[in-house]
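What follows is a single structure, written as structure tokens, with notes after it.
Only the coordinates and a few stated rules stand behind these numbers; no lab work does. All of these numbers come straight from a predicted model, not from anything done at the bench. Every residue, glycine among them, receives a Cβ derived from its backbone with ideal geometry; neighbour counts consider all protein chains shown.
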Amino acid sequence: MPLNSKIPAGELAEKWEKYKSTCKLVNPANKRQLEVIVIGTGLAGASAAASLGELGYKVKTFCFQDSPRRAHSIAAQGGINAAKNYQNDGDSTYRLFYDTVKGGDYRAREANVYRLASVSANIIDQCVAQGVPFAREYGGLLSNRSFGGTQVQRTFYAAGQTGQQLLIGAYQALERQVALGNVKQYSRHEMLDIVMVEGKARGVIVRNLVTGELERHFGHAVLLCSGGYGNVFYLSTNAMGSNVTAAWKAHKKGAFFGNPCFTQIHPTCIPVSGDHQSKLTLMSESLRNDGRIWVPKKQGDTRKANEIPEEERDYYLERRYPAFGNLVPRDVASRAAKERCDAGYGVGASKQAVYLDYASAIERYGKIEANKQGLANADKATIIALGKDVVKEKYGNLFEMYEKITGENPYEVPMRIYPAVHYTMGGIWVDYELQTTVPGLYALGEANFSDHGANRLGASALMQGLADGYFVIPYTLGNNLADDIRTKAIPTDHPAFVAAENEVRERINRLMSIKGTESVESFHKRLGKIMWDKCGMARNAQGLKEAIEEIKALRKEFWSNVRIPGEINEHNPELDKANRVADFLELGELMCIDALNRNESCGGHFREEYQTEDGEALRQDEGYMYVAAWEYKGESQYELHKEDLIYDVVHPTQRSYK
Amino acid sequence: MEHYNMNLTLKVWKQKNRNEKGRFETYQVKNISSEMSFLEMFDVLNEQLIAEGKEPIAFDHDCREGICGMCSMYINGRAHGPWHHTTTCQLHMREYKDGDTIVVEPWRANAFPVIKDLVVDREAFDRIIQAGGYVSVNTGNAVDANAIPIEKHEADESFASAACIGCGACVAACPNASAMLFVSAKVSHLAMLPQGDPERKTRVTNMIQQMDKEGFGSCTNIGACEAECPKGISLENIARLNREYIGSMTAGGSQNSI
Ligand SMILES: Cc1cc2nc3c(=O)[nH]c(=O)nc-3n(C[C@H](O)[C@H](O)[C@H](O)COP(=O)(O)OP(=O)(O)OC[C@H]3O[C@@H](n4cnc5c(N)ncnc54)[C@H](O)[C@@H]3O)c2cc1C
Ligand code: SF4
Ligand code: FES
């Protein structure tokens, strides 16, 4: 099947406007007859479900948490980008588009990114209208901060809780539609399969996580808004329940998986403290605005940070990248930290950490503050005290979180940080309309592969999730459902529903009947270790080949020795987890296959064989300027389809941050 | 900070489902590191139980960063445990020492029935939001975000109320199992913004009506909710809710006096 990305003809800047004014529409009476299933209630799912409910579609939403408001979008800290140019600093739709394409190391689709940039401003308007309390200046207008990889201030934020506030806004819009009867919401429900009728996605099989019962739900269309799959690495900044199951089931029913190996590893996270570690906590990118990153110049230095004199510290980002210093993009910063630790310069008990130091920022802010207050001869102690107050105002909640987790006071000693898995740029392949290769099945938000290429810029995931849900899907879904208005709701005793349910039931029975000796958690940890060691921050052909074999073996072991306590027909978190880990054990293999296929380094995908003399990522535009879209052909069998990326407007160059 | 290991006794509420009676079970855990989070200690216990062929303890959690509001343990008589402004998932084991006994229960309230062990049903909170916790604005209706300036102080106050994570600790902490702090946080968040103004009266009335219908107790100004709230939602919010509520009942009540 040739991939058709359905990018409208015409000038880049006019494609979306033209699409919107010529796409097919569904009249209000017909909308009431059309049912839409939305899997996931994060920013993408909640915004889509609310908007479609407002339009009059009959919507059902599903999430595995106990409320739609708890989707993982809630944890986003730093902010959301929008080309408002409120700061008059030269921002524009084009510039946001350009920064995103470049940041993604030229592996994203121009038309999609341009649309994203062009609706970004509407998102902020919509959120403010809903009552999202963004940070404001004294004049009463909205405030902006800067983020990595850009030279303008276009990031809107609500302290360190931007994701929470945006999600609460979308959740409230969703609850309003529930109250009006346009949306029915199902919490503590997990989607376990897509139901296909005559080649189209027409429904889902879900498991009620309270009772364990399987349920069938019909929809004229199904929207996957199920988030990212970073938890394939076991340790990540994702929530414990984040999973690939919904996307993976879709993949097995014919939806191609795009660029599965593109993973973002975030440079500033709290390091692993021991074997018990269950998840990793992000320290917002905004901390790199003021903090300085360093390691000792001496290998294996065991002195405390504060005992190491200035001249014996290596501020390696400032040394290697004088132009961008501590503000290089995430992929570059992460690799540099790994390089220092691997070379034996790491700090802390595990030696797998570097320092993020606020001492000089505290002093700098303290001096400014002392000046402001007219304290010409302030002593050092006063300056430090004033500086700490300023830092507290800016980053207080992050410093507090660090202290709760580590027991160390970051105002006194430098923070220890290390890179961690954070976001997956890869995902279900979609066309311009967000439709997957399965007719009637759509993917939105982090679940799709679409807009971030090989590396996502900070504050752009929230933007994408809300763009997809509020402003794209309402048009593109209508364009397709206009042809479906004669399709009556298919009763769920249709053989396709029965067969799909049976398949799910059988798999659960199989899992429960293994009655082995090793816990789900233990398998998940082992998979994570393979992925992190061999498909993580640096990859090579040899390691990837080994990983593929190791994952296959582990999968076999899982299916013969996993132990799942409890029963099927009850609330059973171990069974929920087993369903998810079983899918990760398949996805992991595909990620390695994809990473092995891509003989180049780009963005977050770093193949050791492809680097410049000084260790930077070396793209191979000749052979790899494409989206790798994988088709499932049976266990361990995947067929590669290529969507060539054509750059009409931006000219790909080697990224340089020196 | 010195790290150490400890052995602990845990008394944990076990309850098969909504209908069956629950009871406390006692467990011993060994070699717990002071660096673990409280939930990681539970992970260790559950792995131990699975290895022994026993049933693990069901508990709610997701983000483990103190923001999703999913975790919910009542620890030694306190919702979310002993640390101020801290969710269960952010409590760490350096709080405890070798030989300690820790008692862990679910949120207890009629409106939050137990699903299993430490897991409760909090859908009543969703229904309270459905009753009016929103601004009625459809996608695409919005004016430019800077068209209506909002005084920084008001915006900050509104944000402070909007910081509620909907965890339900306030209900668990309250001897009357009142949901007043939760409801007042939402009413305040929206009442302090011009966007929330048009629906002010109906919002507060409908949300309170729904709260009563769900079977939450009434507020008698005890203040336990504020003390246990992980996000620092203050009693000021309840005072504001009361003013809003009275305002909504008086015809032509002075809605702008807050
Ligand atoms: C710690 C952290 C901080 C971040 N900070 C920022 C930031 O500052 N700015 C930024 O732009 N981005 C940030 N990101 C990224 C961003 O938050 C996410 O990419 C984005 O929120 C994803 O939204 P989503 O709607 O696609 O998915 P999610 O919010 O993850 O929602 C997924 C939904 O799918 C449901 N679901 C999943 N599987 C199933 C299933 N099988 N059945 C039923 N339901 C299912 C879940 O219940 C949930 O409702 C951050 C990410 C993390 C982890
Ligand atoms: S008010 Fe506080 S305790 Fe109550 S639900 Fe909100 S965050 Fe939790
Ligand atoms: S698990 Fe999310 S707040 Fe504790």
Per-q log10 I(q)/I(0), region A:591-658, q = 0.18 Å⁻¹ (Debye; single scatterer per alpha-carbon; no solvent): -0.78
In 5 Å bins starting at 0, how do the alpha-carbon pair distances of chain B split up by percent? 1, 6, 12, 16, 16, 14, 11, 8, 7, 5, 3, 2, 0, 0
Obtain the nm distance between the two label points defined at A:Ile646 and A:Arg510 by a simple spin-label model: each point lies 7 Å from its Cα along the Cα-to-C-beta direction. 4.3
Among the lysines, select those whose C-alpha is under 23 Å from the C-alpha of B:Lys231, and discard any that sit fewer than 8 residues away in the same chain. A:Lys279, A:Lys388, A:Lys392, A:Lys394, A:Lys404, B:Lys152, B:Lys186
Using the crude model of +1 on Lys and Arg Cβ and -1 on Asp and Glu Cβ, and no other charge, please compute the dipole size for region A:493-616 relative to its Cα centre, in debye to 20. 440
Förster radius 45 Å - calculated FRET efficiency between B:Met249 and A:Asp389 (Cβ-Cβ, nearest 0.05): 0.55
Given R₀ = 60 Å, what would the calculated FRET efficiency be for A:Glu635 paired with A:Arg364, taking r from the Cβ atoms and rounding to 0.05? 0.55
Describe numerically, in nm with one decimal, the distance between label points set 7 Å from Cα along Cα→Cβ at B:Arg23 and at A:Gln654. 7.2
Diffing region A:152-164: the Karplus 3J(HN,Hα) column from phi (6.51, -1.76, 1.60, θ = phi - 60°), in whole Hz with x for Gly and Pro, holds 10, 9, 10, 9, 8, 8, 10, 6, x, 10, 5, x, 4
3J(HN,Hα) from dihedral phi, region A:120-127, Karplus parametrisation 6.51/-1.76/1.60, rounded to Hz, x for glycine, proline: 4, 5, 4, 4, 5, 4, 4, 5
24 Å Cα-Cα threshold exceeded, pairs from A:Lys102/A:Lys658; A:Lys60/A:Lys253; A:Lys249/B:Lys16: A:Lys249/B:Lys16
Taking square-rooted eigenvalues a ≥ b ≥ c of the alpha carbon gyration tensor, is region A:431-505 rounded, prolate or oblate, where a/c under 1.5 means rounded and, failing that, a/b exceeding b/c means prolate? oblate
Bins of 5 Å, beginning at zero and ending with the bin holding the largest distance: percent of Cα pairs per bin for region B:5-115, please. 2, 12, 21, 26, 22, 12, 4, 1
Non-local residues with an amide H under 5 Å from the amide H of A:Val197, with H modelled 1.01 Å from N and Pro and chain starts lacking one, are A:Arg202
Using amide H atoms built in the peptide plane, which far-off residues or other-chain residues are under 5 Å from A:Val36 H to H? A:Lys58, A:Val59, A:Lys60, A:His220
Taking a virtual spin label 7 Å from the Cα of B:Thr220 along the C-beta vector, which residues in region B:177-196 bring their backbone nitrogen under 18 Å of it? B:177-181
Per its Cα gyration tensor (rounded if a/c is under 1.5, else prolate when a/b beats b/c, else oblate), chain A is best filed as prolate
Taking amide H positions as placed in the peptide plane 1.01 Å from N, state which residues far from A:Ala159 in sequence (5 or more) or on other chains have amide H under 5 Å from it. A:Ala135
Subtracting the Cα-Cα distance from 0.36 nm times the residue separation, let me have the gained length for A:Glu311 to A:Lys184 in nm, one decimal. 39.4 nm
Would you report the distance distribution of C-alpha pairs in region B:138-258 as whole percents per 5 angstrom bin, up to the bin with the largest distance? 2, 11, 20, 22, 20, 14, 7, 3, 1, 0
Computed magnitude of the charge dipole of region A:268-420 (debye, nearest 20; Cβ of K, R +1, Cβ of D, E -1): 280
Value at 222 nm in deg cm²/dmol, rounded to 500, when DSSP H runs of n ≥ 4 in the protein assembly as shown each add -39,500 (n - 2.57): -11000 deg cm²/dmol
By counting other Cβ atoms within 10 Å of each Cβ, how are B:Glu105, A:Glu557, A:Glu307 ranked from fewest to most? A:Glu307, A:Glu557, B:Glu105
How many percent of Cα pairs in region A:493-616 exceed 24 Å? 42
Antiparallel %, DSSP beta bridges [both residues in the protein assembly as shown], to 5: 70
How large is ³J(HN,Hα) for each residue in region A:268-277, as worked out from phi by the Karplus curve 6.51 cos²θ - 1.76 cosθ + 1.60 (θ = phi - 60°), to whole Hz, x for Gly and Pro? 10, 10, 6, x, 4, 9, x, 5, 6, 3
At R0 = 35 Å, how high is the FRET efficiency between A:Asn540 and A:Thr302 if r is their beta carbon distance? Nearest 0.05 is fine. 0.65
Sort region A:481-521 into rounded, prolate or oblate with this rule: let a ≥ b ≥ c be the square roots of the eigenvalues of the Cα gyration tensor; rounded if a/c is under 1.5, and if a/c is not under 1.5, prolate when a/b is larger than b/c, oblate otherwise. prolate
Please give the charge dipole size of chain B, origin at the Cα centre, charges +1 on K and R Cβ atoms and -1 on D and E Cβ atoms. Round to the nearest 20 debye. 760
Could you tell me which residue out of B:Ala145, B:Ala160, B:Ala131 lies farthest along the dipole of region B:123-162 toward its positive end? Charges go on the beta carbon: Lys and Arg +1, Asp and Glu -1, centred on the Cα centre. B:Ala131
Dipole check, region A:234-356, charges on Cβ (K,R +1; D,E -1), about Cα centroid: among A:Tyr234, A:Gly346, A:Pro296 the Cα furthest to the positive pole belongs to A:Tyr234
